[in-house]
Amino acid sequence: MRATVKILVMLLIMNMVLVSCGSKNERNPDFLPPVKIEIPGEIKDDPELVDLIKSSEKSINEFSDNIERLALDGKDILSKNEEDYSLTDGLKAGKLMLQFVSNSTQMASTMTDFSNYVEKKQDQGMLTDQQYKAMEEVGKTLEKRVDQINEKYKGYFEKK
């Protein structure tokens with residue numbers, strides 16, 4: 001059992017190094033097309049919000065691709081019942097989850113930046129209707145993408 005834990009820890013460390021040092025893979029052409037969030041002219045004089053919207057667009061696209069990569073790479077594992085997992089299946093599932101989490105840090109960072117921006121602007125009493133609408137569009141875009149992913153992979157992992 002100790003050897004298994006050591007192997008698992010070694011695989012996780014190697015995976016983290018490879019993920020952080022590796023070059024970006026080519027985007028799979030079968031993935032949903034990247035989203036585009038339009039920046040309204042009324043907020044173009046707010047460079048901080050414009051940057052947040054651009055980074056949100058990038059984060060949504062990376063998160064979407066990450067989910068699709070997990071769905072494709074993990075179909076054989078994710079469609080099994082846990083009691084049917086072999087040791088190899090468990091290691092592969094751990095690796096997939098680690099990759100998913102490490103590739104999803106951009107989304108978490110962007111959400112934190114958004115929250116900080118809103119809090120700062122509210123404290124200053126400087127949030128306009130146009131800024132609210134622009135931020136609302138980011139939320140709608142994320143919600144739409146989640147719906148698209150759910151629709152695309154509906155029934156994809158049904159147990160056999």
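Here is how the numbers come out for the structure above:
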{"quantity": "Residue match in region 9-32 (condition: modelled with pLDDT of 85 or more and assigned to a helix (DSSP H, G or I))", "calculated": "no"}
{"quantity": "Where a residue in region 40-60 is under 18 Å from Tyr132 (Cβ atoms) and its partner, wherever it lies, is among the small types (Gly, Ala, Ser) and surrounded by 13 or more Cβ atoms within 10 Å (Cβ to Cβ), with Cβ under 7 Å and at least six apart", "calculated": "Pro40/Ala134; Ile43/Ala134; Leu49/Ala134; Ile53/Ala134"}
{"quantity": "Near pairs, Cβ below 7 angstrom, 6+ apart or cross-chain, from region 145-156 (in contact (Cβ under 8 Å) with a residue 24 or more places away in the chain) to any residue that is among the β-branched types (Val, Ile, Thr) and outside any helix (DSSP H, G or I)", "calculated": "Arg145/Val35"}
{"quantity": "Residue in region 134-155 that is at pLDDT below 85 and not β-branched (Val, Ile, Thr) present", "calculated": "yes"}
{"quantity": "Of residues in region 86-145 being buried (at least 16 other Cβ atoms within 10 Å of the Cβ) and among the small types (Gly, Ala, Ser), the one nearest to Ile60 (Cα to Cα)", "calculated": "Ser104"}
{"quantity": "Those residues of region 40-65 which are in a loop (DSSP other than H, G, I, E, B) and surrounded by 16 or more Cβ atoms within 10 Å (Cβ to Cβ), in sequence order", "calculated": "Asp46"}
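The values are calculated or read from the model by the stated rules, or taken from the named source; none is laboratory data. What you see is a predicted model, and the numbers here were worked out from it, not measured in a lab. Cβ coordinates were reconstructed from backbone atoms using ideal geometry, including for glycine residues, and neighbour counts include every protein chain displayed.
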